[in-house]
Amino acid sequence: MPTLFEVQRALRRSFVEGNGDEAAAYILSDGPAPGARLDIYRNTSIGALTTALRLSYPAVHRLVGAEFFDGAAKIFIKTEPPRSAHIDEYGAAFPDFLAGFSPAASLAYLPGVARLEWALSRALHAPDAAALDMSRLFVVDAADHCRIVFVPHPSIGFIQADYPVDAIWRAVLAQDDAAMAGIDLGSGPVWLLVQRLETGVDVMRISKREWRFATQLCSGRALQAALDMAPGLDAATVLAGHFAAGRFIGYRLETAP
Amino acid sequence: MRRAAERGSIAAGAGVGLRFRHHQAVIDSKPPLPWFEVHTENYMGGGAALRDLDAIRRDYAISLHGVGLSLGSAEGLDPDHLARILRVAERVEPVLVSEHLSWSISGGVYLADLLPLPLTEEALATICRHVDQTQNFLRRQILVENPSSYLRFRHSMIPEWEFLAALAVRTGCAILCDVNNIYVSAANHGWQASEYLAALPPSAIGEIHLAGHSVRQLDGGLTLSIDDHGSGVIPGVWQLYSDALSRFGPVPTLIEWDTNVPPLEILLDEAARANSFLESARSGFAHADAV
């Protein structure tokens, strides 16, 4: 008699690797064949995961069409099945998959749109966290300001793309053909900041210098080190903007090396 | 341990499975229902979904119904997922917390469906251990739901109804009796639905699920009933529900409708229909008490 572990391993192999022989041998074959019975589960599983991807990547879905999307999703699910039942977190690797998916190669901006959508999906589902009140920094000695390390809000994300993927994303979801036609794909790279606000998730275009400063601040780098990466930046104004938008939820002081 | 599923902690009325698209309608119109059930996994993040649920929680009891814990996994429970369920439960303070008699995870891969267990002593011991672990971790009783199934394993030794009853006796968990799933599995495997109901201990039944299902044509003129929650409850399932209430007494009952989700009014109509059965069951039981 097979163990529970062996039965589950066999069914997993039939799902993920497409080899259902061992699983079929464990299944009663009265009426519909074991393979047809397994297919009921496999199709439900692929359907559920495809739906999850479609909810996270609605603009990609519209850009490539339902049939193409479902086909790409099926291959992706097989190569990158979910590692947890927290399905909101499933699909982080889809943009990289699309970048290497040759049937999608003619849409050069597709992986960039997908990366933006993943950042937006992450922002949508990020845990709640209260914004850092600037007054809490008053206790920090001026001499220590350079050592402040901010904790970013969990919804914050950064995207750099070679195409105006924010404009494409907006036009596609609004089904605004005129806006889509007006997009200049050669307009150069964009630097984007994604965040969840009270009103919903938002994507903002910022300058390359601001983007570099913000990514450093939000990746655990101390204030002075982040400033060093963005010479010429009006840091006081930019920081005030971050505070006003609630982009930090805490801070610590970097200890001397 | 908190016996959350004991009768009385939630009114034995009909509730409705709450989907995102109905959040606003529920907040605005406050339909006359005692409770809603949500999928635990849909509220593990923050933002608007959780804020809506907080608002709904002020007016309704909430039941948390998980689909991802994989109580039957040979390789043990995912401690991260258990911790996520606890976080949602602490936030929502649900009246009921339920999961399934099934498994979904093997080799660290989540298979995204409720897969059937081989019904053996080994599987029973495994799921008992995981239900114990879950109840200890959440510090409350959970309910375990019978799944609908489309296959059986050659080496299964224990009828599913006996397996479920033994799980309840050994762990003290409650049973979420999905009447539609009994109907579907009975149709697929040639079981007697009445025998299934008769084997379940009435005192362990904490909730009933009702839903629609479809019948799929397979090659060779064969059919399988598919539990797709995409339509109304069929007459045969209402009849089985009536039989269940005759045996179990009035039990909180949920209308599930998860695909092709109709307007909220349709769900409220189904709930009203379930309530009329519950009303009959109440008077029937009162009558029986008086005799």
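No lab work stands behind these numbers, since they all come straight from the coordinates. All values reported here derive from a predicted model rather than from experimental measurement. With ideal geometry, Cβ positions are generated from the backbone for all residues, glycine too; neighbour counts draw on all protein chains shown.
Only strands (runs of 3 or more DSSP E) whose full extent lies in region B:56-110 are considered here, and the ones with at least 1 residues that are within 8 Å of another protein chain (Cβ to nearest Cβ) and of a type in the set (Val, Ile, Thr) are B:103-106. Taken as a whole, the condition of being in contact with a Phe, Trp or Tyr (Cβ under 9 Å, 6 or more places away or on another chain), in contact (Cβ under 8 Å) with a residue 60 or more places away in the chain and either crowded, with 20+ Cβ neighbours inside 10 Å or within 14 Å of chain B (Cβ to nearest Cβ) (or both) does not apply to A:Leu185. One residue stands out in region B:117-144 among those that are acidic (Asp, Glu) and within 12 Å of chain A (Cβ to nearest Cβ): the one that is surrounded by the fewest Cβ atoms within 10 Å (Cβ to Cβ), namely B:Glu121. Restricting attention to region B:160-193, the residues being farther than 28 Å from B:Ala14 by Cβ and over 19 Å from the mean Cα position of the chain (by Cα) number 3.
Which helices (runs of 4 or more DSSP H) sit wholly inside region A:1-101 and have at least 2 residues that are within 14 Å of chain B (Cβ to nearest Cβ)?
Working: elements: A:4-16, A:21-26, A:34-56, A:58-64, A:66-79, A:94-99.
Hits in region A:1-101: A:4-16, A:21-26, A:34-56, A:66-79.
Output the residues belonging to region B:26-59 that are closer than 21 Å to B:Ala211 by Cα and not β-branched (Val, Ile, Thr). Quick ask: steps written out before the conclusion?
Quick first cut of region B:26-59, residues closer than 21 Å to B:Ala211 by Cα only: B:26, B:31-42.
Those that are closer than 21 Å to B:Ala211 by Cα and not β-branched (Val, Ile, Thr): B:Pro31, B:Pro32, B:Leu33, B:Pro34, B:Trp35, B:Phe36, B:Glu37, B:His39, B:Glu41, B:Asn42.
Considering each residue of region B:36-48 in turn, at least one proves to be under 21 Å from the mean Cα position of the chain (by Cα), within 14 Å of chain A (Cβ to nearest Cβ) and in a loop (DSSP other than H, G, I, E, B).
Would you confirm whether any residue within region B:186-202 is of a type in the set (Gly, Ala, Ser), over 20 Å from B:Gly72 (Cβ atoms) and in contact with a strand residue (DSSP E or B) (Cβ under 6 Å, 6 or more places away or on another chain)?
yes
State which residue pairs qualify: first residue in contact (Cβ under 8 Å) with a residue 12 or more places away in the chain and inside region B:180-194, second residue of a type in the set (Phe, Trp, Tyr) and part of a helix (DSSP H, G or I) in any location, beta carbons under 7 Å apart, and separation of 6 or more residues or different chains. The qualifying pairs are B:Ile182/B:Tyr196; B:Ala193/B:Tyr183.
Quick one: which residue in B:Leu200, B:Leu224, B:Leu218, B:Leu240 is touching a residue at least 12 places away in the same chain (Cβ under 8 Å), surrounded by fewer than 24 Cβ atoms within 10 Å (Cβ to Cβ) and within 17 Å of B:Leu151 (Cα to Cα)?
Details: B:Leu200 fails: within 17 Å of B:Leu151 (Cα to Cα); B:Leu218 fails: touching a residue at least 12 places away in the same chain (Cβ under 8 Å); B:Leu240 fails: within 17 Å of B:Leu151 (Cα to Cα).
So the residue among B:Leu200, B:Leu224, B:Leu218, B:Leu240 that is touching a residue at least 12 places away in the same chain (Cβ under 8 Å), surrounded by fewer than 24 Cβ atoms within 10 Å (Cβ to Cβ) and within 17 Å of B:Leu151 (Cα to Cα) is B:Leu224.
Per the listing B:Val67, B:Val95, the residue uniquely farther than 30 Å from A:Ser14 by Cα, in contact (Cβ under 8 Å) with a residue 40 or more places away in the chain and of a type in the set (Val, Ile, Thr) is B:Val95. Residues that are farther than 19 Å from B:Pro263 by Cα and assigned to a helix (DSSP H, G or I): does region B:16-33 have at least one? Checking region B:16-33: not a single residue is farther than 19 Å from B:Pro263 by Cα and assigned to a helix (DSSP H, G or I).
Could you tell me whether region B:145-153 includes any residue that is surrounded by fewer than 17 Cβ atoms within 10 Å (Cβ to Cβ) and out of contact with any strand residue (DSSP E or B) (no Cβ under 7 Å at 6 or more places or on another chain)?
Filtering region B:145-153 down to residues surrounded by fewer than 17 Cβ atoms within 10 Å (Cβ to Cβ) leaves none.
Within region B:145-153, not a single residue is surrounded by fewer than 17 Cβ atoms within 10 Å (Cβ to Cβ) and out of contact with any strand residue (DSSP E or B) (no Cβ under 7 Å at 6 or more places or on another chain).
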